[in-house]
Structures are given as C-alpha cells and as structure tokens.
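Take a look at the structure set out below.
Rule-based calculations on the coordinates, nothing more; no lab input. Bear in mind that the values here come from a model prediction, so they are computed numbers and not experimental data. Cβ placement follows ideal geometry from the backbone for every residue including glycine, while neighbour counts extend to all protein chains displayed.
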Amino acid sequence: MVRRVALTFALFAALVATARAQNVQTDPLQCWWRTSAGAVRVGEPFTVVLTCAVLESDAATVVVDQSRLEPSVVQFAPFEVLGGSHGADLRTDLRRFFQYEYRLRLIAENLFGRDAALPETKLSYRVQSKVGQNTSLQGRDQSYVLPAQSVRVLSLVPGDASDIRDTPAETFSDLDQRAFRANLLVVIGGVLLVLAGLVALLALVRLFARYRKPAATSDRLIGDATILRGVGRELTAVRRQRENDGWSPELAGRALAALRIAATYAVGRRVGHLPAIPQSPQSAAGNPESTEPGRLVLRAGWLRGKRISVSGAITRQTVADELARAAASSGARRTAFLESLEQALSALTIAQYGRETAMDDAALDRALADGVGVLRRMKIEQMWFLKRLAAWRAGRALDNRAWSR
C-alpha cells in the first residue's frame, strides 16, 4: 500500500515538472514592435518602441541579455539611430515586461516608394529553474529572433509631378490664430510700455522734488526718542551727583538745560538741534556725551554716531503763557501739569542765575522730581500712535471752531 502511494506521488510530481518544462520551453520570451508612423519620408525622424515579456515565476526565471538593446549600442541599418531611452520594468505574477524606445530616421536614395525593414536582431537568454529553496539550475543559452517590422518609405513627390514644390502645411485657421496671438502680444507690450513710462515719470518727479527741496527745510539730525532718552540720562546723572556732592549753580544749570528740552515738548514746540562743537581729545576720552552751556550734547547714529547739540528755548514765562491759555480750554490735569513745570523751571532758574548763594535744597529736589515726571509723561506722549491721536484731535478741534463761526 505504501509503495503504491509513493509511486502515485512520484508520477504526479513528474507530470507537474513536465508541464512546467513545457510551459517554459514553449513561451519563455515574447517581443513586439510599435512605430509612431506607418510611412515616413527620407530623413524624417520617427519613433520605434520594442516591448518584451519574459517569464518570471516561482518555478523558473528567464534571464535575457539586454546589453545589445541599449540605444547607444544597437544598430538598425539602413536606419540611423538618433537616440533612445529605457523605461522602467513592469511586473505581474508570471511576467516581467521591459521596453526600449528608439528614435530613427532613414537616409537612403534607393528606397523611395518601398518598404524598409528593420534588420534581424537576436536576443540571447537562458532559463533558470528553481530546484530547491536557495538553489537554481542554469539552462543553456538560447536565441530569440525579434519579429520583423517594416516601414513604408514615401516618395518625395508624386509620380505624376512635373516639378518639385513644397506645399505649405498651414491653413487659414492657423494663420488666423497666429494673427490673433500677434495682436494680443502687441496690446500687452503697449500696456507694459505705458506702465514703464508712468513708473519712470514718477521716479523723475520724486528725484526732482528731492533736489528742489527748499534750503530752509533740513532733515532732522536726531530723533525725538533719542533726545528724550538723553534727557533721562542727564537727569539721572544730576541726581547721582546731587546725592554725592550736593547742589551747586553748575549742577542746577545742567538740570535746567535738560528740563527746558522736556518743557519744549510739553508746550508742543520743536527742539533746537545742530552739530556740536568738536571736542578736544581729553574731553572726548573722559565724557563722549558732554554738555555745553545751556545745551545737551547727544550722539545720534549707530556705534559712535555724530555729536548733536540739543537745546530748548522754554522759560518760566513761556510756560505761564501756556498755562493761561490752558486754563480756559484744557482740563484740570493739564493745568496742574503746567503749574508743576512752571515751579520747577522757576526754582532751577533762581538757583543758577539768582543772587542768593545759599541753595534751597528742598525746592531743587522737588524741581528735579517734577522734571523726571515731566520727562516720563513726554516719553509716553511722543509715541507715534499717541502723536497721531493728538494730531487727529487737533484737526477735529479746528474743524469745530471753523463751523462754529
């Protein structure tokens, strides 16, 4: 019984192996051609595509020598190979497909009106049969002849032609499309030319306005924020020296110069500034940001910028006049602010220019504190959005005054 089962199994395995061998031998490799044109003229480029399907399964694999099909190696006389490419392989369960694309042209004098065939091309391949998990059996080398493919070569002129002439391929529709495209490009070019002229005119106007600017108006040498920061540093230095050495007429003059600059912003006037007097090497080394009598010297620009002398022309009487106008139109907060500013200017002015030699330390300390408060408020009011808001309010007030008349 066991012998019969073994004999039956061996017979079945032999039949399966025979069937696989027959499948491999009958259809291991298939190739076919495809051309971009069935008929061409002499010298006209066209495309030829070669596609092959090879067997690739678990039982057997066909290995094809594809080196002879590379576009740089293959020859198809009488056709001239202009170039080509090799596409990526595609795979199915039992087949692997590879494809080559060639660009050809025909240069010959004796093939007009005839069929030109691609030359016979042979491919070498062998079959690898798998006999174990990691073992395969190499078959013998075999040859496959590519199928025949012909291309019709057209005559340059018909047989009944009396002369050689070139017939244009353009139609009326082609001419109309070209005319429309040309007109569209002309319109676009004209619009771009007008825009370029406007931009050039605008640039010339701005350039002319820049060089024709009146001599009386000059660019600011230093910004408001830089000036207020310098005033803050000066008042801090005055406070530090007062704590160390006490008040003196010179120290009161420094505080007065800084407070006048802050007061100038408080009453809405412009601060005076101009290039400072050049320093001597000794003073520059000791204090690069020094003071001049009645002025504050600051630096503007990156790193070691220019030295700018800043001053304010506000006195106690100027603040008193502004206080009189504010008492009629402004609120109590503005009035109290101007009163503290007037008292601070008065105390510092008396300390510097008065005849009394004794210093009123309490009054000067209070004036210095009021000056710091004025400076803090001016830093807030000089922010750009608050300046815009103040200008808008001033414009509204002017409009209301005009309408009230």
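Fully extending the segment from A108 to Q317, taken as 0.36 nm per residue of separation minus the present Cα-Cα distance, adds 64.1 nm. Annotation: amide H of E44 within the under-5 Å range of L106, sequence separation 5 or more or interchain, hydrogens built in the peptide plane. By the rule of a C-alpha distance below 14 Å, with chain neighbours fewer than 8 residues away ignored, the aspartates and glutamates paired with K130 are E56, D58. Simple spin-label estimate for L29 and S150 gives 2.6 nm between the two label positions (7 Å along the Cα-to-Cβ direction from each Cα). Taking a straight Cα-Cα cut-off under 12 Å and skipping sequence neighbours fewer than 8 places away in the same chain, the aspartates and glutamates within cross-link reach of K379 are D224. Multiplying the residue separation of V49 and S136 by 0.36 nm and removing their Cα-Cα distance gives an extension gain of 28.0 nm. Note on L207/D176: beta-carbon distance plugged into 1/(1 + (r/R0)^6) with R0 of 41 Å gives a FRET efficiency of 0.30.
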